[in-house]
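A short worksheet on the structure shown next.
The values are calculated or read from the model by the stated rules, or taken from the named source; none is laboratory data. Because the structure is a prediction, the values reported are computed rather than measured. Quick reminder, even Gly has a Cβ in these numbers, built from the backbone with ideal geometry, and neighbours come from all protein chains shown.
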Amino acid sequence: MNIRDLSYLVALADLRHFGHAAEACFVSQPTLSTQIKKLEEELGAQLIERAPRQVMLTEVGKEVVERARLVLRDVQQIREVARRAADPKSGVLRLGIFPTLGPYLLPHVIPQIHQRYPGLELLLVEEKSEVLLSQLRDGRLDAAILAQPVDGDQLRCQELFEEPFVLALPEGHPLDKTGALTIDSLRDHTVLLLEDGHCLRDQALEVCKLAAANEKPGFRATSLETLRQMVAAGVGLTLLPVLAVKPPVAITESIHLRPFDSPAPSRKLAMFWRNSSALESFLLEFSEVFLRLPEKLLAAEGG
């Protein structure tokens, strides 16, 4: 048994296709198939069910794959320890970030990252929070920026910043003409929300629950941009994180933005990594870029 064969097995488990797995591992399909067969013979157990159009793991195969992931993760950590010892600020960093944050935060930090770490190759993975957590735990990510709270079992984190929400309203909406705007102002109003799986949906639902507001039935957006366009079209109102309404995001003239009076609804962002990570000291340093965002950038303003 060797590391290479375990990597072939994990690739096959992820892609469920011999050809695609071979391509991902930069080997020929016969080579990958032969090595998987040799691994099965060495272990004395069938790991893969081979059907004409489908590749499935046996029960033994599933358990072996999970343990193989741990082995490969540890091997990667060993390599990282050696590489970081030679040059802590170079190499590859795989960072996860979720879709309602990434496009709006990254333009404000990427230039500083390139300037501070010119030798660093930053690989960004944009997925929903649940997917990022899974990839972080099994070693496919080095770190992830997530909204708290997070099930932090075997994870460490560095709190980054708190991002307030603003209320996005179509022209002429009654809430655009009220005095102080609080969470209670949303009572009995209908709010547009994202589809299941987005952490922003969960955060907005919590606000709606506190305010006795309602979700618009039959509508769930796939992105913040869809929500923005629906508000502009007069379909309803929504909550937007403040970074999503700051330059370089273009202003939509038909949308009115109102900040909440204190205490305003918000979300707390943090960077997470495995508590076994060899990169911990570097990640603590790396997180400083996100801790130094201009105060004005996170200030909720009307418009």
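Checking 11, 21 one by one, the residue that is farther than 17 Å from residue 52 by Cα, of a type outside the set (D, E, K, R), part of a helix (DSSP H, G or I) and in contact (Cβ under 8 Å) with a residue 12 or more places away in the chain is 11 and no other.
Let's see how each residue does on (1) in contact (Cβ under 8 Å) with a residue 24 or more places away in the chain; (2) farther than 30 Å from residue 90 by Cα; (3) outside the structural domain of residue 154 (by TED's automatic domain parsing); (4) basic (Lys, Arg):
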| position | (1), (2), (3), (4) |
| --- | --- |
| 225 | no, yes, yes, no |
| 228 | yes, yes, yes, yes |
| 238 | yes, yes, yes, no |
| 251 | yes, yes, yes, no |
| 259 | yes, yes, yes, no |
| 271 | yes, no, no, no |
| 290 | yes, no, no, no |
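Summed over the stretch 27-79, the residues that are surrounded by 17 or more Cβ atoms within 10 Å (Cβ to Cβ), over 29 Å from residue 279 (Cβ atoms) and free of Cβ contacts under 8 Å to residues at least 24 places away in the same chain give a count of 2.
The set of residues in the stretch 237-286 being of a type outside the set (A, V, I, L, M), within 25 Å of residue 122 (Cα to Cα) and in a loop (DSSP other than H, G, I, E, B) consists of 246, 247, 248, 275, 276, 277.
The rows are residues; the columns are (1) at pLDDT 85 or above; (2) under 30 Å from residue 132 (Cα atoms).
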| residue | (1), (2) |
| --- | --- |
| 184 | yes, no |
| 205 | no, yes |
| 215 | no, yes |
| 239 | yes, yes |
| 245 | yes, yes |
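Looking at the stretch 187-197, can you tell me whether even one residue there is within 13 Å of residue 265 (Cβ to Cβ) and in a helix (DSSP H, G or I)? No - not one qualifying residue is present in the stretch 187-197.
Of the residues that make up the stretch 226-236, is at least one of a type in the set (S, T, N, Q), at pLDDT 85 or above and closer than 24 Å to residue 132 by Cα? So that I can check it myself, show each step before the final result.
Taking the stretch 226-236 and keeping what is of a type in the set (S, T, N, Q), we get 226, 229.
Next, from what is left, pick out any that are at pLDDT 85 or above: 226, 229.
Subset that is closer than 24 Å to residue 132 by Cα: 226.
Among the residues of the stretch 226-236, at least one is of a type in the set (S, T, N, Q), at pLDDT 85 or above and closer than 24 Å to residue 132 by Cα, which makes the answer yes.
In the stretch 264-303, of all residues being hydroxyl-bearing (Ser, Thr, Tyr) and more than 16 Å from residue 147 (Cβ to Cβ), the one that is surrounded by the fewest Cβ atoms within 10 Å (Cβ to Cβ) corresponds to 281.
Screening 91, 119 for residues that are without any contact (Cβ under 8 Å) to a residue 40 or more places away in the chain and touching a Ser or Thr at 6+ places or on another chain (Cβ under 7 Å) leaves exactly one candidate, 119. Within the stretch 139-155, the set of residues being surrounded by fewer than 17 Cβ atoms within 10 Å (Cβ to Cβ) and either within 17 Å of residue 92 (Cα to Cα) or touching a Ser or Thr at 6+ places or on another chain (Cβ under 8 Å) (or both) comprises just one member, 154. The condition of being among the polar types (S, T, N, Q), modelled with pLDDT under 95, under 29 Å from residue 67 (Cβ atoms) and surrounded by fewer than 17 Cβ atoms within 10 Å (Cβ to Cβ) holds for only one of 129, 134, that being 134. Only one residue in 54, 29, 77 is within 27 Å of the chain's Cα centre (by Cα) and modelled with pLDDT under 95. Which one? Among 54, 29, 77, only 77 is within 27 Å of the chain's Cα centre (by Cα) and modelled with pLDDT under 95. Across the stretch 87-103, the qualifying residues are those that are crowded, with 21+ Cβ neighbours inside 10 Å and of a type outside the set (A, V, I, L, M, F, W, C), and the one among them that is nearest to residue 131 (Cα to Cα) is 96.
Screening the stretch 148-169 for residues that are assigned to a loop (DSSP other than H, G, I, E, B) and under 23 Å from residue 244 (Cβ atoms) and picking the one that is modelled with the highest pLDDT gives 148.
Within the stretch 114-157, the set of residues being more than 18 Å from residue 99 (Cβ to Cβ) and either assigned by TED's automatic domain parsing to the domain that holds residue 223 or touching a helix residue (DSSP H, G or I) at 6+ places or on another chain (Cβ under 6 Å) (or both) comprises 138, 139.
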